[in-house]
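Shown next, in structure tokens, is the structure this report addresses.
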Amino acid sequence: MHSSCPTEVTLPAPLYVPAAHQWVSATTGRIAPDGYSWMQAVCWAHIDGTYRATRGHGPQHIGDTTLRVAVELARLAPCRPGIDYLVHVLKLSKRTVQYHLGILREAGLLAYRAKGTRVRGEGGRASEFVWTIPPAFDTALRLTTRTCDRYIRALQGIAEEGRTLMKRLGKMARKLMRRPRRSRATRPSRTRSRSTTRCTPMEGGSESSSTAGVTPLPPEAKLGHGASKCPAPKKSRNNRRRTLNAVGRRYQLARELVEQVDWLRGCSVARIAWVARDLADAGWSAEEVRAWLHFRGEATHVHRASGLLAVLLRGAERVLGTAAKRADAVNRWREDVEAARRARIRQVRARAERYDGDWQAPRSAAVRRLVAEAFAPRPEAHTAAETLPALDGPQDLTVEELQAMRDAAWAEYMQGDTALVTSAVEAFGRPAAEAMYGLDLVQRALHLSRRSPRMSLTHR
């Protein structure tokens with residue numbers, strides 16, 4: 001018996017370039033001279049299918065969306081696409097654009113020339129890329145290259161085995177670059193309106209002709225109104241009433257609840273539509289749901305509105321299973337709301353009448369004590385004979401004169417002048433000055449005189 005050895009199959013090396021080699025200074029590929037040549041390499045990578053992403057999320061291979069992003073990059077020279085620009089042109093999300101730019105870099109089809117940064121005061125700067133062609137493309141198409149300072153490696157020739165594939169890639173690249181950009185705008189209808197005949201204001205068909213060779217003119221009496229009599233008027237689509245399906249009714253009910261219920265303000269309409277899906281399918285209206293919530297109880301502190309709504313609506317379709325029961329609940333809810341409104345009006349009127357009447361003593365004992373202290377006479381209101389001492393001595397001052405001296409001294413003290421008090425202390429001594437101007441004023445004046453000779457004081 002002869003033993004046969006299995007034939008070894010050599011699998012193509014997967015396309016993958018690590019992050020450290022995704023710069024133009026470290027790339028092993030050659031720089032493409034133009035966008036068309038680069039698109040041929042992108043189409044080859046799409047057909048080859050050996051690239052697989054190393055991350056566990058997002059797109060895993062070079063697909064149609066990657067080709068759309070590559071077409072936009074091929075149209076830019078220099079290749080400096082902003083993320084917002086690609087999002088606006090391709091109608092993709094920001095995350096999707098970032099995913100496919102990463103795929104092109106990891107497949108060796110793009111290399112950084114300058115990475116985007118944020119400059120303070122100038123805003124963000126987009127990354128600048130260089131179109132690169134991986135060495136696996138040259139190997140697969142049997143291309144011969146030579147060293148070139150400008151392109152690192154320049155194309156020199158192609159073997160016969162790779163010409164068929166090169167023609168296919170060229171045709172594919174031209175088709176992609178000629179394809180117009182997709183737009184979300186409404187495309188014009190290709191079907192032409194099939195009306196019968198074109199109407200003219202002169203009651204003559206456009207295809208009619210006279211046997212005498214001259215078209216007769218209509219009488220002037222028939223040209224006054226200028227109205228067109230078209231036998232088939234065009235129907236407007238706006239007249240058709242839009243009907244909602246089950247999902248549309250759920251979202252409509254959820255939107256009305258979010259707008260009308262206070263503690264549901266700001267909630268996600270989609271989440272509320274999911275919570276109230278059973279009621280929407282049963283034909284409930286927003287008023288019927290509010291009536292049910294009213295009889296279940298009003299909420300004061302709400303931590304998670306959607307969860308509270310799910311708890312309150314549990315079993316509602318079984319309790320109010322018919323339209324008559326729901327209508328009765330709505331009527332009772334409206335009566336309760338009207339009764340509460342009338343009660344608030346009576347309360348406001350009673351409060352206004354109580355405020356407009358005579359003043360009544362407060363009920364609190366502490367408040368009554370504060371009021372009594374406020375209306376009690378102050379110690380300063382006593383007569384001058386009770387507060388001012390009578391002086392015996394060479395001054396021979398009366399009570400009125402002593403009060404006038406004190407008032408003048410206080411007035412000058414408030415202006416920052418302490419000359420009257422300090423001169424009395426120096427001339428008669430401090431006890432006599434305190435008897436004339438008072439202990440408080442003498443202490444203040446002496447304290448002020450030690451700091452500044454003149455200072456303006458204000459009451460607080």
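Figures for the structure shown
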read-out	value
Residue match in region 378-386 (condition: among the β-branched types (Val, Ile, Thr) and either assigned to a helix (DSSP H, G or I) or modelled with pLDDT of 60 or more (or both))	no
Residue under evaluation GLU288, criteria (1) out of contact with any Asp or Glu (no Cβ under 8 Å at 6 or more places or on another chain); (2) over 27 Å from ALA340 (Cβ atoms); (3) assigned to a helix (DSSP H, G or I); (4) not hydroxyl-bearing (Ser, Thr, Tyr), criterion not met	(2)
Hey, ASP262 within 31 Å of the chain's Cα centre (by Cα) and within 22 Å of TYR251 (Cβ to Cβ) or not	yes
Those strands (runs of 3 or more DSSP E) lying entirely in region 78-177 with at least 1 residues modelled with pLDDT of 85 or more, among the charged types (D, E, K, R) and more than 16 Å from THR28 (Cα to Cα)	128-133
Checking ALA53 against (1) among the hydrophobic types (A, V, I, L, M, F, W, C); (2) surrounded by 16 or more Cβ atoms within 10 Å (Cβ to Cβ); (3) within 20 Å of SER37 (Cβ to Cβ); (4) at pLDDT below 90, the condition it does not meet	(3)
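Residues are listed down the side, and each one gets a yes or a no for (1) without any contact (Cβ under 8 Å) to a residue 24 or more places away in the chain; (2) within 21 Å of ALA154 (Cα to Cα); (3) not basic (Lys, Arg):
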{"position": "VAL24", "(1), (2), (3)": "no, yes, yes"}
{"position": "THR50", "(1), (2), (3)": "no, no, yes"}
{"position": "THR65", "(1), (2), (3)": "no, no, yes"}
{"position": "VAL69", "(1), (2), (3)": "no, no, yes"}
{"position": "ALA74", "(1), (2), (3)": "no, yes, yes"}
{"position": "ALA77", "(1), (2), (3)": "no, yes, yes"}
{"position": "PRO81", "(1), (2), (3)": "no, no, yes"}
{"position": "ARG113", "(1), (2), (3)": "no, yes, no"}
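The values are calculated or read from the model by the stated rules, or taken from the named source; none is laboratory data. Quick caveat: nothing in here was measured; it's all calculated off a predicted structure. So basically every Cβ, Gly included, is an ideal-geometry build from the backbone, and we count neighbours across all protein chains shown.
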